[in-house]
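S.K.: Before I ask anything, let me first share the structure, which is written out below as structure tokens.
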Amino acid sequence: MNFGRKLACAVLVLVMTASVAANWLAPAGYAKQYREATDAPPSSTHWLGTDAMGRDRFARVLYGTRISLLLAPAAALLSTLMAALIGGLAGYLGGVWARMAMAVTDLFLSLPWLFLLITARALMPLNVSPLVSVLVTFMLLGLLGWTSAARVLCTSAGSLRASDFVRQARAAGLSGQRLFWVHVVPNLKPVLYAQFWISIPVFILSEANLGILGLGVAEPMPSWGSLLKELEGLVSVGEEPWKFVPLILLVVVVTSFQFLLSGQEEVAA
Amino acid sequence: MRGLKWRIAGHTLALLATVLLGGLLSATLVRLAPGFDVDERELDPHLNPQSVQALRDARQQDHNIFRFYLSYMKRAARGELGTSLSLGQPVRTLLRDRAPLTLRLLSMGLGLAWLLTLTLALSAAWLRLSVYDALTTVLSGIFLCIPAAVLALLSVLWNVPGSLAIALIVFPRTYRYTRNLLMKAYSLPHIVTARAKGLGEARILFWHVVPVVTPQLLAVAGVSVSMAVGAAIPVEALCGLAGIGQLAWQAALARDLPLLVNITILVTLVTLLANSGADVIGYAVRRQEG
């Protein structure tokens with residue numbers, strides 16, 4: 001592991017630990033309002049100031065990071081499992097199944113990702129409780145984000161199906177189901193891992209986009225998307241630079257993931 | 001020539017099938033979405049029971065998905081795309097009025113993105129300086145890590161045109177592929193030999209590199225249209241530009257499903273046309289080169 005990757009790993013561990021320890025590190029809960037100090041600049045009490053409703057920004061950044069960093073991998077896991085099931089099985093079965101799976105994949109891929117997300121999000125009720133909005137947002141990411149991974153897995157499973165060892169196993173009388181679970185799936189693991197890691201930064205950025213557009217996590221629950229929505233009220237960049245902390249944190253985390261992924265992308269392809 | 005015709009026919013069929021299937025899928029989702037069969041007008045205390053019943057009867061035909069979809073397609077074939085629930089205007093008028101701005105924004109954004117991509121990628125391939133290559137990669141990497149909506153917000157703060165925001169959203173994605181393609185092409189044995197023999201850079205580029213990379217670059221260009229359409233949503237929504245992207249956002253926020261279905265079909269059509277066009281041109285180029 002080179003220095004860049006080690007640094008990226010350390011940054012991710014640090015951010016993740018801080019967000020998990022939000023209950024102890026944050027001066028107050030993410031929804032607690034200090035009505036006497038709304039829109040306050042950074043001080044010894046509020047390290048990153050307060051927002052327009054008087055909520056401590058540092059606490060909201062910590063809790064928001066926890067939500068985004070825990071649920072993005074959960075959504076990535078869901079999408080990778082779906083991709084493995086749909087793409088892997090279709091590729092293994094081949095023929096009409098593979099063609100059908102690829103037609104559905106093409107249909108999803110023909111729409112721009114953000115457009116597909118806002119369309120699907122609009123189909124769900126928008127006036128829901130904050131917790132439900134968190135679940136809906138990340139479930140949606142997981143349920144819609146499987147397509148490109150499925151395409152890769154379908155191709156990989158297809159080439160495995162035609163490989164010598166699978167042919168020999170089939171000739172030896174191994175059943176289709178056993179062949180799939182014992183010989184095909186374990187060989188798809190590197191591609192599955194790569195797809196899982198690639199999906200995480202994509203989902204973090206997608207949640208941020210949805211949040212800024214008002215279609216993500218509902219108030220008062222914080223997430224990187226809802227925290228970045230605050231930038232909308234800025235008049236100039238230099239005016240309140242502390243409001244950029246969530247953005248800087250997001251860029252640092254996504255960059256760290258990109259560093260870690262630099263080797264994985266070749267496997268995924 | 002015959003192969004090209006078959007390819008065009010194949011793409012047209014695939015386009016038709018995708019639009020029909022996509023439309024059916026959208027109609028099904030609209031039909032199944034929570035709150036589909038609810039009309040707020042029914043809550044109006046001024047309406048008598050007969051009027052409320054009339055409103056319910058009017059929605060009766062929408063209950064069967066296939067009948068709903070068939071009647072929608074019939075009307076769409078006549079150019080009637082229905083009426084927006086949130087804006088109260090015909091969808092056709094809304095799309096017609098907003099399309100020019102989006103088209104202008106997309107064409108300028110894509111033009112700028114490709115200008116930046118080709119300038120940086122070509123200079124990286126020509127110079128072959130590891131420092132310069134690392135700098136351009138870091139630059140594109142930074143833009144790749146910033147959410148598209150934040151770039152749109154920053155463009156408002158810095159008072160720069162929306163097309164530049166679209167360019168900066170698309171550029172890092174196109175740059176990565178283009179740089180890799182050019183680097184690979186410049187390391188091909190015949191191009192290395194041509195360089196070693198002292199052939200001019202312009203001649204190497206136009207005679208040896210361009211023919212090699214054109215088909216793949218065309219494919220990336222096709223995909224970049226889809227990226228730009230996706231980028232138009234946050235840019236138009238947050239920069240206050242009244243285009244189709246902003247319309248899609250407003251429709252999503254208001255859960256204006258009839259409007260959203262029409263925009264979905266339109267966007268599918270545009271992105272598929274761009275990808276099919278790129279594929280057909282790429283095929284024609286490959287054939288011409290033999």
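S.K.: In this structure, is B:Val225 surrounded by 23 or more Cβ atoms within 10 Å (Cβ to Cβ), at pLDDT 90 or above, touching a helix residue (DSSP H, G or I) at 6+ places or on another chain (Cβ under 9 Å) and part of a helix (DSSP H, G or I)?
M.R.: Numbers: surrounded by 23 or more Cβ atoms within 10 Å (Cβ to Cβ): no; at pLDDT 90 or above: yes; touching a helix residue (DSSP H, G or I) at 6+ places or on another chain (Cβ under 9 Å): yes; part of a helix (DSSP H, G or I): yes.
So B:Val225 fails the test.
S.K.: Here is a follow-up. Filter segment B:53-68 down to the residues that are at pLDDT 75 or above and surrounded by 13 or more Cβ atoms within 10 Å (Cβ to Cβ) and list them by number.
M.R.: Passing the criteria: only B:Leu55.
S.K.: Still on this structure: Which of (1) part of a helix (DSSP H, G or I); (2) small (Gly, Ala, Ser); (3) away from every other protein chain (no Cβ under 12 Å) does A:Gly211 not meet, given it meets every other one?
M.R.: The number of the failed condition is (3).
S.K.: From the list B:Ala202, B:Ala232, B:Ala185, exactly one residue is part of a helix (DSSP H, G or I) and closer than 21 Å to B:Leu168 by Cβ. Which is it?
M.R.: Numbers: B:Ala202 fails: closer than 21 Å to B:Leu168 by Cβ; B:Ala185 fails: closer than 21 Å to B:Leu168 by Cβ.
None of the others qualify; the one that does is B:Ala232.
S.K.: When the residues of segment A:81-135 are filtered to those that are in contact with a Ser or Thr (Cβ under 7 Å, 6 or more places away or on another chain) and part of a loop (DSSP other than H, G, I, E, B), which remaining residue is nearest to the other protein chains (Cβ to nearest Cβ)?
M.R.: Selected residue: A:Pro112.
S.K.: Let me ask you something else. Please determine whether any residue of segment B:133-156 is in contact with a Phe, Trp or Tyr (Cβ under 7 Å, 6 or more places away or on another chain) and assigned to a helix (DSSP H, G or I). Give the steps one after another, and end with the answer.
M.R.: To start, the set of residues in segment B:133-156 that are in contact with a Phe, Trp or Tyr (Cβ under 7 Å, 6 or more places away or on another chain) comprises B:140, B:143.
The next check asks that each one be assigned to a helix (DSSP H, G or I); those that pass are B:140, B:143.
Taking every residue of segment B:133-156 in turn, at least one turns out to be in contact with a Phe, Trp or Tyr (Cβ under 7 Å, 6 or more places away or on another chain) and assigned to a helix (DSSP H, G or I).
S.K.: From the residues in segment B:172-228 that are more than 30 Å from B:Leu151 (Cβ to Cβ) and of a type in the set (D, E, K, R), which one is farthest from the chain's Cα centre (by Cα)?
M.R.: Per the criteria, the residue is B:Lys197.
S.K.: Please specify each residue of segment A:230-256 satisfying the condition of being at the interface with chain B (Cβ under 9 Å from one of its Cβ atoms) and of a type outside the set (A, V, I, L, M). Reasoning before the result, please.
M.R.: Here is the first cut: in segment A:230-256, the ones at the interface with chain B (Cβ under 9 Å from one of its Cβ atoms) are A:231-232, A:234-237, A:247, A:250-255.
A:Glu232, A:Ser236, A:Thr255, listed by residue number.
S.K.: From B:Arg203, B:Arg255, B:Arg287, grab the single residue that is surrounded by fewer than 20 Cβ atoms within 10 Å (Cβ to Cβ), among the basic types (Lys, Arg) and in contact (Cβ under 8 Å) with a residue 60 or more places away in the chain. Step through it out loud before you land on a result.
M.R.: On the way: B:Arg203 fails: in contact (Cβ under 8 Å) with a residue 60 or more places away in the chain; B:Arg255 fails: surrounded by fewer than 20 Cβ atoms within 10 Å (Cβ to Cβ).
Matching residue, one of B:Arg203, B:Arg255, B:Arg287: B:Arg287.
The values are calculated or read from the model by the stated rules, or taken from the named source; none is laboratory data. Treat the numbers as computed from the prediction; the structure is a model and nothing was measured. Note that each Cβ is placed from the backbone with ideal geometry, even for glycine, and that neighbours are counted across all protein chains shown.
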